[in-house]
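Taking it in order: structure first as structure tokens, then the write-up.
Since every read-out is calculated from the coordinates, none of them should be taken as a lab result. Predicted, not measured: the structure shown is a model, and the values here were computed from it. For neighbour counting, all protein chains shown are included, and Cβ atoms are generated from backbone atoms with ideal geometry for every residue, glycine included.
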Amino acid sequence: MAKLSHYGNKGEVRMVDVSQKVVTTRTATARGFVKMKPRVVSAVRRLKNPKGNPLEVARIAGIAAAKRTAEWIPLCHSLPLTHIDVTARLCQNGVEVHSTVTTAAQTGVEMEALVAVTAAALTVYDMCKALDKGMEITDIVLVEKTGGKSGDFRRRMAPLRRTR
């Protein structure tokens, strides 16, 4: 049975030592959703926001956050990211956010992909909260990861929302 890797023999928290691991190309993809009322979706579609385009600002926020993941997650390794892609797509009932992160390193980029999606979703919320503070950030999950000793992972899942 697998064990949690961030604990030592006596139960103390520790950063995993990856110094003996082989450098390989690793990718991770994550997604999340910001559920909105129809009037908020309509306002975003018309780009009626004094702060600017929420989808574009969310993309940039996600990219910036992925680069700083080790500052968000205390035991995360700082990684040389070779590519970050964040997309924010307006759907019928909100905004779907995806991120894909790539590195050539000794450990994976799952956390970077998840942090990118989370920051992008929070940015959409921030930019649209004047219209509705009841928006919900949901469904933040790791969709896929490749590379590394543990092998590949792909979540089986249906699309989040119907688009228009």
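Structure notes:
- As a rough footprinting exposure proxy, the listed residues CYS91, CYS128 were ranked by other beta carbons within 10 Å of their own, and the order from fewest upward is CYS91, CYS128.
- If the chain linking ALA130 and SER19 were pulled fully straight, counting 0.36 nm for each residue of separation and taking away their Cα-Cα distance, it would gain 35.2 nm.
- Binned Cα-Cα distances of the stretch 9-164, short to long, each 10 Å bin given as a whole percent: 12, 37, 29, 16, 6, 1
- Added length on full extension, which subtracts the Cα-Cα distance from 0.36 nm per residue, GLU12 to ARG154: 48.0 nm
- Check: the chain dipole with +1 on Lys, Arg Cβ and -1 on Asp, Glu Cβ, in debye: 640 debye
- Here each label is just a point 7 Å from Cα along the line to Cβ, and for VAL141 and ARG46 those points are 3.5 nm apart.
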